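S.K.: Below is one structure. I have some questions about it.
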Amino acid sequence: MEILSHFVSGIMQTLSPVTFSLLVIGIILGLIAGVLPGLTVVMGVILILPFTYPMDTTNAIIILTAIYIAGTYGGAFTSILFKIPGEPIHVPLLWDGYPMARKGQVAKALGWTLYAAIGGGLLAALVMVSVSEPFAKVALSFSTPEYFAIVFLGLTSVIVLGTGNIRQAVVSLALGLLLATVGVDDIYGAQRFTFGTAILRDGIDYLTVMVGTYAVAEVISRLEHGFVSPNLEQAGKIKTTFPTFKEYRSRIGVFLRSTVIGTIIGAVPGAGATVASFVSYGVEKQYGKNRDEMGKGAPEGIVACQTAATASVGGALVPLLTLGIPGSGCTAVILGAFLLHGIQPGPQIFITSPDMVYAIYGSVFVGLAVMAVIGYFAVKPLCRVLDAPEALTSAFIMVLCFIGGFTIRNNITDVWMMVIFGLVGYFMERYHYPIAPLVLGAILGPIAERAFMTTMISFSNDWTIFFTRPISGVIMILSIVSILLTLAAPILRKRKRQAQSSVGQ
Amino acid sequence: MKSVKKSLMERLKGAAFSGILVVAAIYFFNLATQFEYSQRGEQLGPGFWPKLLLGIIIILTLVDIVLALCKGGKPATEVSSAENNEVLEAGEGLQDEVQKRYPKLLIIGGLMTVAYVYLIGIIGFALCTFFYLAGFMYAGRFRRHVMIWVSSLVGTVFLVFLFIKVVYVSLPTGIPPFEGLTLMIYSLLGVN
C-alpha cells in the first residue's frame, strides 16, 4: 500500500507543468537521438547532461530518463523504413521490420514496434516499481563482498554478452578499470599515476572517458568516412496501424519472454538495451514457435527485439536506484547526474528521498504514454531529421561534447582528456578492441576496487570470503561459469563442425 | 622472398598496437610498485589493484603479439560487434562509400579539434566555436556555403545564450584583446 501511495504521488509530480514539459522535451530529444544514425542514445543523454545542471535533481533525472526510454524506440523508424538502424539496438529490426515493410506492411510493422515498445516498457516498469523497494531493503544488508560480486557480474557480463575477441575485451576492460585508479586512492590516500599534476590528482572522470570514446571517436570515425549520407528511398505514406487483438494474442508468448529477457539483462550491470535486443531476438530465433518465419518479415522478430530493448530501461533503473550501480551506459550518465547534484543513489535513497524515486518511476509510465502518442503521430516529421546534413549535425555534436567535457569540473584539461580518449576510442575500433568494456571499467572501477580492497582489509586478505558468503558466492560462481562457458563455446563449436564434416565424408 | 618479407611486415603491423600496449603496461606496472603510503600490517596497499590489472593486460597482450606474429594479419575477431557496425546491409552503393576512408579528412578534423581546444582559452568560446563549426562542416565535405556560415553563426549565438544565460556555465572568454570582443558579444546578447 505504501508503494502504491508513493507511486501515485510520483505520477502526480510528473504531471506538474514544468516536469511534464521537460518530460515531453526529453521524449522528443530521445526520438531524434534514436533516429539519427550518427548519434546514439547514450550520446544523446551525455549531450543533454550539462543542460540539467541548473535543474532540480528530480527534473534532471526525469528528462535524462525520458531521452533514454524514447531512444530505445526512435531508431526503429529508420530501420523499418529505410534499412538504416538509428541505434545498434535496432539492427535486428533490419531482419524482420524492413522485409515486412518491403512486403507493403509498413503501417503494421510500425504498429508492432510501437506495441512492443509500450507494452515491454510498461511491464518492465511495473516490475521495477514492485521489486525496487523490497530489493533495496535486502540490499541494506549487503556488505562489500556482495557489492564486489555484483560489480564482478557486471564486468564479466560485458565480456560474456559481447561479441568479438575475448582477450581484447578483457584488455579493454582492464584498461578501463586502470583509468579509474588514477588519482588519490580512497583507502590509503596514496597518489597513483598523477605525475605530480593537480588535475590528475582529482582522477579521470568517467564522463570524460564516455564522451571521448563514444561520441568524439564516433564523429571522427564518420568524418574519416566522409559523412556519407544515405539516399533515402521514398517511404510513401507513413502511418502506424496497431495489430489486431487476435494477432496480439497469438504472440503473447514472445512478448512476455522478451520482456523478461529485457528486464533481467537490463538489470545486469554492463549489459544494456543492445545486448537485450540481440539476445531476445536470438532466443526467439532458436526456440520460438514461428522461428522458421523469422528473418523474412515476421512480427515475432520485431516484438522480440523492441520489447526487450525498451524493457531493459526498467531493468537498468533497478540496480541504479537500489545499489548505485548503473545497469547500462545511459544509467551511468544518469548516475553522473545524481552525483553532480550531490545525491548518491543506493538503498538509502528510498529512505531519504522516496518522493524523488517515485517521481522518476512515475515519469517512466507517463513517458511511455507520451512516447506512444508522439510515436504514433510524428513518425514522418521525425524521419525528416535524417535530411539534415551529417557534417552539420556532427559539428554541433562535437561542440556540445566539448561543452559537456568542460562543465564536468570547469577545467579545460578535461576537454583535452576527452579529445585524447576520442583518439583512443578511434584507434581501439581500428584495431578491433571493443570500447564498451573500457567505458564500463572506467564507470565501475572505483566501486569494484573499493569493494574489493575494503573486503580484503575487513577479512584479513581472505579472498575466499567472496565464495563462502551465500549471496556473493552464488553471484561469483555464476559469473565464473559464464566466463568458462564463453571460453569453451568456440572449442565446442569447432568440435561439432569437425564431427559434422567427418560424418559428411 | 618478397611475399615472406611482406607477410612479416603485415604480422609486425598486426602486433604493433599490442606492442605499444605491453610496453606502456610494463612502464605503469613499474610505477605502481613505487606508490608512497603508510604500510599497515599485511594490507595489500594501493599498488595491488593496479598491478593486478596491469598484469592481466601484459599477459593477454603478449599472447596477442605471439599469435599475431605466428598466425599473421589482424587479431582474430569472431563476429563483428553489433555496437561497432555503422550501417548493415544498407545497399551496395552506400556500403562501398562507407568502406572508403579519407585519411586527410581525419587529419584535418583532428588538427582542427586540437586547435579548437587550444585556442578556446585564448580567443574565447564564442569566436572559437563559430570558426570551428564552419571549419568542421567544410572538413565534412559539406559545401552549401550560406548554410554553413548562417548555421555556424546562429548555432554559436544560441549556444552562448543557452549555456551562459540559461544554464550558467562560465565558458572561456579568452585573453585580451579577444576577451573584450567576447564580452562585447555577450553584452549584445543581453548576457552580463
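S.K.: Picking from A:444, A:423, A:478, which residue would you name as being more than 30 Å from residue B:118 (Cα to Cα) and within 14 Å of chain B (Cβ to nearest Cβ)? Steps first, answer last, please.
M.R.: Values: A:423 fails: more than 30 Å from residue B:118 (Cα to Cα); A:478 fails: within 14 Å of chain B (Cβ to nearest Cβ).
Exactly one residue qualifies, and that residue is A:444.
S.K.: In the stretch A:277-299, which residues are closer than 13 Å to residue A:90 by Cα and touching a Pro at 6+ places or on another chain (Cβ under 7 Å)?
M.R.: Applying the first criterion (closer than 13 Å to residue A:90 by Cα) to the stretch A:277-299 yields A:277-281.
Matches in the stretch A:277-299: A:277, A:278, A:281.
S.K.: Something else: If we keep just the residues of the stretch B:48-80 that are more than 9 Å from chain A (Cβ to nearest Cβ) and exposed (fewer than 14 other Cβ atoms within 10 Å of the Cβ), which is modelled with the lowest pLDDT?
M.R.: B:73
S.K.: Let me spell it out: the conditions are (1) in contact (Cβ under 8 Å) with a residue 24 or more places away in the chain; (2) surrounded by fewer than 16 Cβ atoms within 10 Å (Cβ to Cβ); (3) not in a helix (DSSP H, G or I), and residue A:432 meets all of them except one. Which number is the exception?
M.R.: (2)
S.K.: Sticking with this one: Taking the conditions exactly as written (closer than 15 Å to residue B:191 by Cβ, more than 7 Å from chain A (Cβ to nearest Cβ) and not charged (D, E, K, R)), does residue B:129 satisfy them or not?
M.R.: no
S.K.: Determine whether residue A:110 is of a type outside the set (S, T, N, Q) and at pLDDT below 90. Show your work before the answer.
M.R.: Working: of a type outside the set (S, T, N, Q): yes; at pLDDT below 90: yes.
Yes.
S.K.: Something else: Scan the stretch A:464-477 and tell me whether some residue there is assigned to a loop (DSSP other than H, G, I, E, B), among the charged types (D, E, K, R) and closer than 25 Å to residue A:325 by Cα. Let's see the steps before the verdict.
M.R.: The first filter runs over the stretch A:464-477 and keeps only residues assigned to a loop (DSSP other than H, G, I, E, B), leaving A:464, A:469.
Filter once more, keeping what is among the charged types (D, E, K, R): A:469.
Among the residues that remain, those that are also closer than 25 Å to residue A:325 by Cα are: A:469.
Scanning the stretch A:464-477, I find at least one residue that is assigned to a loop (DSSP other than H, G, I, E, B), among the charged types (D, E, K, R) and closer than 25 Å to residue A:325 by Cα, so the answer is yes.
S.K.: Let me ask you something else. For residue B:83, all conditions in the list (1) more than 16 Å from residue A:218 (Cα to Cα); (2) at pLDDT below 75 hold save one; what is the number of the exception?
M.R.: So the condition that residue B:83 fails would be (1).
S.K.: Just a yes or no: is a residue in the stretch A:389-401 surrounded by fewer than 20 Cβ atoms within 10 Å (Cβ to Cβ), within 30 Å of residue B:131 (Cβ to Cβ) and acidic (Asp, Glu)?
M.R.: Taking every residue of the stretch A:389-401 in turn, none turns out to be surrounded by fewer than 20 Cβ atoms within 10 Å (Cβ to Cβ), within 30 Å of residue B:131 (Cβ to Cβ) and acidic (Asp, Glu).
S.K.: Hey, another quick one. Where the second residue is surrounded by 15 or more Cβ atoms within 10 Å (Cβ to Cβ) and the first is free of Cβ contacts under 8 Å to residues at least 40 places away in the same chain and lies in the stretch B:171-184, which pairs have Cβ atoms under 7 Å and are six or more apart or on separate chains?
M.R.: Pairs found: B:183/B:173.
S.K.: Report, by residue number, each residue of the stretch A:238-279 that is in contact with a Gly (Cβ under 6 Å, 6 or more places away or on another chain) and among the polar types (S, T, N, Q).
M.R.: Within the stretch A:238-279, A:240, A:241, A:259, A:263 qualify.
S.K.: Considering the stretch B:167-180 alone, what residues qualify as being of a type in the set (Phe, Trp, Tyr) and more than 13 Å from every other protein chain (Cβ to nearest Cβ)? I'd like the intermediate steps shown before the answer.
M.R.: Let us first name the residues in the stretch B:167-180 that are of a type in the set (Phe, Trp, Tyr), namely B:168, B:178.
Within the stretch B:167-180, B:178 is the sole residue that qualifies.
S.K.: May I ask you to say which residue of B:122, B:164, B:108 is modelled with pLDDT of 90 or more and more than 10 Å from every other protein chain (Cβ to nearest Cβ)?
M.R.: Values: B:164 fails: modelled with pLDDT of 90 or more; B:108 fails: more than 10 Å from every other protein chain (Cβ to nearest Cβ).
Unique residue meeting the criteria: B:122.
S.K.: While we're looking at this one, here's another question. Could you tell me whether the stretch A:155-166 includes any residue that is without any contact (Cβ under 8 Å) to a residue 24 or more places away in the chain, at the interface with chain B (Cβ under 10 Å from one of its Cβ atoms) and more than 19 Å from the chain's Cα centre (by Cα)? Before you say what the answer is, go through the steps one by one.
M.R.: As a first pass, look at the stretch A:155-166 and keep what is without any contact (Cβ under 8 Å) to a residue 24 or more places away in the chain: A:163.
From the residues that got through so far, the ones that are at the interface with chain B (Cβ under 10 Å from one of its Cβ atoms) too are A:163.
Keeping just the survivors that are more than 19 Å from the chain's Cα centre (by Cα) gives none.
Scanning the stretch A:155-166 turns up no residue that is without any contact (Cβ under 8 Å) to a residue 24 or more places away in the chain, at the interface with chain B (Cβ under 10 Å from one of its Cβ atoms) and more than 19 Å from the chain's Cα centre (by Cα).
S.K.: Scan the stretch A:486-498 and give yes if some residue there is at negative phi, within 28 Å of the chain's Cα centre (by Cα) and at pLDDT 85 or above, otherwise no. Don't jump to the end; show me each part of the working.
M.R.: Taking the stretch A:486-498 first, the residues at negative phi are A:486-498.
This time we only want the ones that are within 28 Å of the chain's Cα centre (by Cα), so: A:486-490.
From the residues that got through so far, the ones that are at pLDDT 85 or above too are none.
No.
S.K.: Is at least one residue of the stretch A:180-188 surrounded by fewer than 24 Cβ atoms within 10 Å (Cβ to Cβ) and more than 10 Å from every other protein chain (Cβ to nearest Cβ)?
M.R.: Yes.
S.K.: For residue A:53, indicate whether it is in contact (Cβ under 8 Å) with a residue 40 or more places away in the chain, within 21 Å of residue A:210 (Cα to Cα) and of a type in the set (Phe, Trp, Tyr).
M.R.: On the way: in contact (Cβ under 8 Å) with a residue 40 or more places away in the chain: yes; within 21 Å of residue A:210 (Cα to Cα): yes; of a type in the set (Phe, Trp, Tyr): yes.
In short, yes.
S.K.: Next up: Filter the stretch A:101-131 for residues that are surrounded by fewer than 23 Cβ atoms within 10 Å (Cβ to Cβ), farther than 23 Å from residue A:330 by Cβ and either in contact (Cβ under 8 Å) with a residue 24 or more places away in the chain or among the β-branched types (Val, Ile, Thr) (or both) and give the result.
M.R.: Passing the criteria: A:102, A:103, A:105, A:107, A:108, A:111.
S.K.: Could you look through the stretch A:279-299, keep only residues that are under 16 Å from residue A:101 (Cβ atoms) and either at pLDDT 90 or above or not hydrophobic (A, V, I, L, M, F, W, C) (or both), and pick out the one that is surrounded by the fewest Cβ atoms within 10 Å (Cβ to Cβ)?
M.R.: Looking only at the stretch A:279-299, we keep the residues that are under 16 Å from residue A:101 (Cβ atoms), and these are A:293-299.
Next cut, either at pLDDT 90 or above or not hydrophobic (A, V, I, L, M, F, W, C) (or both) only: A:293, A:295-297, A:299.
Working: A:293: 14, A:295: 14, A:296: 12, A:297: 20, A:299: 27.
Ranking the qualifying residues of the stretch A:279-299, first place goes to A:296.
The values are calculated or read from the model by the stated rules, or taken from the named source; none is laboratory data. Just so you know, these numbers come straight off a predicted model, no measurement behind them. Cβ coordinates were reconstructed from backbone atoms using ideal geometry, including for glycine residues, and neighbour counts include every protein chain displayed.
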